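Only one structure is covered here, and it is reproduced in the block below.
The values are calculated or read from the model by the stated rules, or taken from the named source; none is laboratory data. Source: prediction; values computed, not measured. Here the Cβ positions follow ideal geometry from the backbone for every residue, glycine too, while neighbour counts run over all protein chains shown. Protein only, heavy atoms only, side chains kept; ligands, DNA and RNA dropped before computing areas. Shrake-Rupley method; radii C 1.70, N 1.55, O 1.52, S 1.80 Å.
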Amino acid sequence: MTVDSSAASEPRRSAAGKAGTTGSKTGTKRTTRTTSRTTTSTASRTTTRSTTKKSTDPELVQLLTPEGKRVKNAEYDAYVAGITPEELRGLYRDMVLTRRFDAEATALQRQGELGLWASLLGQEAAQIGSGRATREDDYVFPTYREHGVAWCRGVDPTNLLGMFRGVNHGGWDPNTNNFHLYTIVIGSQTLHATGYAMGIAKDGADSAVIAYFGDGASSQGDVAESFTFSAVYNAPVVFFCQNNQWAISEPTEKQTRVPLYQRAQGFGFPGVRVDGNDVLACLAVTKWALERARSGEGPTLVEAYTYRMGAHTTSDDPTKYRADEEREAWEAKDPILRLRRYLEAANHADEGFFAELETESEALGRRVREAVRAMPDPDKFAVFENVYADGHALVDEERAQFAAYQASFADVEGV
């Protein structure tokens, strides 16, 4: 799909929002029905989507067009009005280095150094923009693909790889960077985030919580429950949904009859859809939502409309369920290229900057590779620890059986 940048001058929020509400209640309902029927009918015939502009294409908050042109937005410009050329270069650097790290991790998995990897390719702007909007005292609850957010929170990227190599269960202390361990169970972290947000609200803390999840997780009951509790208790939490349009092999149309951000209105809080490939828009909208949470106005749902350029994980083959034309259309909206075009047009960066960043990028790739290969193997018997608080006879029996099994290899080697 392509997005008409001229439609992005006005934010699109659900009816529960205070500003930017689109249309009357009746008009909104009628549009929703028409859109859902058209989309469902199309999806039932094929998962290949049209790349031409249709009336059902989304309208969303956008500050940078795919061509790198700045567009005005009366409501959200204020949140990036003071951004400096140095900070813009910083956002570009964040996205480039995050993509380089991700590419190295994918290569390491293909070479047998990691068991699995979940790539963020194409979602750099959504993660870097939202991640840089957080304050140090905010708390972040990720899924397992938020490598860019981890970068923004100061987590060493090599620490993200231990779990995927099978040598630890996370590799970092969540409280050091206010960045929770990766969550593999789909959607459960939204409940953790809501509970944490309810807690800091009772403590009177001037901070907020942000929970990340994907379009697939939005169909989980845990997410619906977290929406309910956060709304009822006015929890200071931002739900940041990266809608990359494919929950493994299922398109979004198979999961919802309305745009995801509109689900918020049913729970009584605002939702807003932002161009997830526009780092400035993601930064601005997330800042707005976090400030709203800190000021006691409760939860917000941010839907970052983006695209998963690669596979769901390295065990997946996206060519089996989506068309090349769809990916090619989204490649033209690449988040990194978009910001580079803007930097060059505004004379905010020169070739020296880009060359230096390329050198830094390659150095990061080498560091990641060396760190992964140097990771020590875990204690083979650690799996039996902390299973029960007071121990258990069955676990003791299984430990003994495993010890005998391991000893059999030593006997073979001694023959």
Candidate set from segment 347-357 (those that are open to solvent by 40 Å² or more (accessible area, probe 1.4 Å) and touching a residue at least 60 places away in the same chain (Cβ under 8 Å)); member that is farthest from residue 83 (Cα to Cα)
353
Would you check if residue 338 is assigned to a loop (DSSP other than H, G, I, E, B), within 23 Å of residue 246 (Cα to Cα) and touching a residue at least 40 places away in the same chain (Cβ under 8 Å)?
no
Would you list the helices (runs of 4 or more DSSP H) that sit entirely within segment 170-284 and hold 2 or more residues that are aromatic (Phe, Trp, Tyr) and in contact with a Ser or Thr (Cβ under 9 Å, 6 or more places away or on another chain)?
221-232
Looking at (1) more than 26 Å from residue 93 (Cα to Cα); (2) under 17 Å from the mean Cα position of the chain (by Cα); (3) surrounded by fewer than 19 Cβ atoms within 10 Å (Cβ to Cβ), which one does residue 313 not meet, given that it meets all the others?
(1)
Please determine, by comparing only the residues of segment 135-162 that are open to solvent by 20 Å² or more (accessible area, probe 1.4 Å) and among the acidic types (Asp, Glu), which one is farthest from residue 97 (Cα to Cα).
137
Condition set of a type in the set (Ser, Thr, Tyr) and in contact (Cβ under 8 Å) with a residue 60 or more places away in the chain, scope segment 225-255, selection surrounded by the most Cβ atoms within 10 Å (Cβ to Cβ): answer is 230
Of the numbered conditions (1) farther than 26 Å from residue 145 by Cβ; (2) modelled with pLDDT of 95 or more; (3) not in a loop (DSSP other than H, G, I, E, B), residue 99 fails exactly one; give the number of that condition.
(1)
It is to be established whether one or more residues within segment 44-51 are surrounded by 14 or more Cβ atoms within 10 Å (Cβ to Cβ), modelled with pLDDT under 95 and out of contact with any helix residue (DSSP H, G or I) (no Cβ under 9 Å at 6 or more places or on another chain).
no
In segment 163-211, anything open to solvent by 50 Å² or more (accessible area, probe 1.4 Å) and in contact with a Lys or Arg (Cβ under 8 Å, 6 or more places away or on another chain) is listed as 206
What are the residue pairs meeting all of these: first residue in segment 161-185, first residue closer than 18 Å to residue 119 by Cα and touching a residue at least 24 places away in the same chain (Cβ under 8 Å), second residue surrounded by fewer than 19 Cβ atoms within 10 Å (Cβ to Cβ) and among the small types (Gly, Ala, Ser), Cβ atoms under 7 Å, and 6 or more apart or on different chains?
164/115; 165/115; 166/115; 182/170
Evaluate the following for residue 120: is it at pLDDT 95 or above and surrounded by fewer than 21 Cβ atoms within 10 Å (Cβ to Cβ)?
no
